[in-house]
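Heads up, the thing below is written out as structure tokens.
The values are calculated or read from the model by the stated rules, or taken from the named source; none is laboratory data. Every value quoted in this text rests on a predicted model; they were computed, and no experiment measured them. So basically every Cβ, Gly included, is an ideal-geometry build from the backbone, and we count neighbours across all protein chains shown. Ligands, DNA and RNA are stripped out before the accessible areas are found, and what is left, the full protein with its side chains, is counted by its heavy atoms. Shrake-Rupley method; radii C 1.70, N 1.55, O 1.52, S 1.80 Å.
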Amino acid sequence: MKKVGIHQVNYFPWSGYFNKMAKSDIFIFLDQVQLTDRGYSQRTPVISSIGQQSFLNVGVIKKGHREKEFREIMLNPESDWRERQLNFLKGNYLSHPYYKSIMDVIFPVFDDKWNTLLDVTLCSIHIIKDILEIHTPTVMQSDLLYDKEAKKSNLMLELTESAEGDIYLSGSGAKQYMDVKEFAVHDVNVEYQTFQAFKYPQWRLNEFVPGLSILDMLFNIGIENSRDLFWTNMQNEETIEIVDVND
């Protein structure tokens, strides 16, 4: 059985994103969808030294972006987003135990050789994927053959079949629009990801702030501890929820 995970290309995602990737036999990046204004493809949540949530935003050319595929979104050459992000990280994470070692590893993301948002986000994901030692193969949506008119649940089915998958691993938030019976007609099972978010020490914060970019965990506890915590959490999770199409 081949399990397929599918997700938008997010910028330095949170740990749940990589949990889904690690549970998949192949992971598809959606690069032919539109950029959503309040999504996490061009921004990621981090925390200030006084405990306030903020976002690292990537500067892109917004003109006409609603008519473009994600892979066509260009970086804004006039934006100082690299400098702003680096200044924020230095100003708010410099005192964290693993600041320097993590910055050395993630610095390629801020290279000015990138031209598209896809370049930057994929770079951020693959750096973390390597850090966590996730060996799941990845493929771009645009490299697959599927019905380009398919939407939502049908799109997920089309991509799963194109990747020769027997199981589609869905996020739990997709239950409201998933047509699981249509998957069953095509002999594709649906499973929903169960992710148990975990805590880790956050430097100088009295109360844990959840849902942040995985960068926060790396700056706080380092690469080896983050990797150990990630895989320990994977092993301790409950069995993935399997859909019964007869319900």
In Å², and per residue, what accessible area does the chain have when probed at 1.4 Å with the other protein chains present? 51
Just to be sure I understand the model, the point goes 7 Å from the Cα along the line to the Cβ. What's the resulting residue 111 to residue 166 distance in nm? 4.0
State the percentage of accessible surface on the range 42-115 attributable to carbon and sulfur atoms; use a 1.4 Å probe and exclude ligands, DNA and RNA. 49
Proximal aspartates and glutamates relative to residue 148, as straight alpha-carbon distance under 13 Å, when same-chain residues fewer than 8 apart are discounted: 31, 69, 158
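Loop sites only, by DSSP: take the GluC sites (Glu not before Pro) in the chain that have at most 11 other C-beta atoms within 10 Å and name the longest stretch containing none of them. Can you show the working numbers first?
Working: sites that count: 78, 133, 149, 164, 207, 238.
It works out to 1-77.
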Taking the simple approach of a point 7 Å from Cα along Cα-to-Cβ for both residue 90 and residue 69, what is their distance in nm? 3.9
Among the trypsin sites (Lys or Arg not before Pro) in the range 150-242, which ones are in a DSSP loop with at most 12 other Cβ atoms within 10 Å of the Cβ? Mind listing them? 151, 199, 204
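Can you pull out the trypsin sites (Lys or Arg not before Pro) in the range 51-124 that DSSP calls coil and that have at most 16 other Cβ atoms within 10 Å? Please list the in-between numbers first.
Working: sites: 62, 63, 66, 68, 71, 82, 84, 90, 100, 113; in loops: 62, 63, 68, 113.
When the trypsin sites (Lys or Arg not before Pro) of the range 51-124 are filtered for loop state and at most 16 Cβ neighbours within 10 Å, 62, 63, 68, 113 remain.
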State which entries of 2/63; 20/151; 68/175; 20/62; 63/151; 23/63 exceed 32 angstrom in Cα-Cα distance in the structure shown. 2/63; 23/63
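What shape does the chain take by its C-alpha gyration tensor, where a ≥ b ≥ c are the square roots of the eigenvalues and a/c under 1.5 counts as rounded, a/b above b/c as prolate, and the rest as oblate? Please list the in-between numbers first.
Numbers: a/c = 2.13, a/b = 1.35, b/c = 1.58.
In terms of gyration-tensor shape, oblate.
Going by the alpha-carbon gyration tensor, a ≥ b ≥ c the square roots of its eigenvalues, is the range 106-247 rounded (a/c under 1.5) or, if a/c is not under 1.5, prolate (a/b greater than b/c) versus oblate?
Working: a/c = 2.43, a/b = 1.42, b/c = 1.71.
Since a/c reaches 1.5 but b/c is at least a/b, the shape of the range 106-247 is classed as oblate.
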Just how far, in whole angstrom, is the range 1-77 from the range 132-186 if you go by their alpha carbon centroids? 17
Counting only protein heavy atoms and using a 1.4 Å probe, what share of the accessible area of the range 159-239 belongs to carbon plus sulfur, as a whole percent? 43
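Among rounded, prolate and oblate, which fits the range 1-101 when a ≥ b ≥ c are the square roots of the eigenvalues of its C-alpha gyration tensor, a/c under 1.5 means rounded, and a/b larger than b/c means prolate?
Judged from the Cα gyration tensor, the range 1-101 comes out oblate (a/c at least 1.5, b/c at or above a/b).
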